[in-house]
Amino acid sequence: MKNRNFHTTTTLNMAPKAGVASPPELKSFVTEAGERLLVVDVRNPDASVEPGDQKSLAVAALPSDTYRPQAINLIYDRETSSMPLSDVEKDTPVITHCGGGGRGQLAKDFLISNGFTNVLNGGGPKETECWNEFGDK
């Protein structure tokens, strides 16, 4: 039987999670939105609740007044399948994200079910090509 190990230089391209917008879609969305863009970071800093978020938080911290000024942290709660709603117009251009896109999609669906009309799932820091389009907002 042949040894079928990968060479150490082999790179596997993993497809983004379902619902994550493509980098060109995100770039166009960010450009069109301009200053109206709102980025909703749904990650949870509490490692006892979402231990997986710790990896992406090490790459990109939660938004603050000085870091990612167009972003806010509204934690998506898996237990209640809900999150706080932002007090913005329902047609505000919104990009949701978590670490890689799973909860970002749940957050997008939640916002749309609550009347938001202009929402994309940006994936998160693990989706580097997507993140490059909006991660500094």
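The values are calculated or read from the model by the stated rules, or taken from the named source; none is laboratory data. All values reported here derive from a predicted model rather than from experimental measurement. Don't worry about glycine lacking a Cβ; one is built from the backbone with ideal geometry, like all the others, and counts go over all protein chains shown. Please note that ligands, DNA and RNA were not included when accessible areas were found on the heavy atoms of the full protein model with its side chains. Shrake-Rupley method; radii C 1.70, N 1.55, O 1.52, S 1.80 Å.
Tabulated values for the structure
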item	result
Top-ranked residue in region 84-103 [being under 20 Å from residue 52 (Cα atoms) and out of contact with any helix residue (DSSP H, G or I) (no Cβ under 6 Å at 6 or more places or on another chain); ranked as most open to solvent (accessible area, probe 1.4 Å)]	102
Filter result (at pLDDT below 95, out of contact with any strand residue (DSSP E or B) (no Cβ under 7 Å at 6 or more places or on another chain) and open to solvent by less than 40 Å² (accessible area, probe 1.4 Å)) within region 104-130	125
Scope region 41-65; condition among the hydrophobic types (A, V, I, L, M, F, W, C), within 20 Å of residue 86 (Cβ to Cβ) and touching a residue at least 24 places away in the same chain (Cβ under 8 Å); matching residues	42, 60
In region 50-62, residue modelled with the lowest pLDDT [restricted to those that are over 12 Å from the mean Cα position of the chain (by Cα), surrounded by 13 or more Cβ atoms within 10 Å (Cβ to Cβ) and assigned to a loop (DSSP other than H, G, I, E, B)]	52
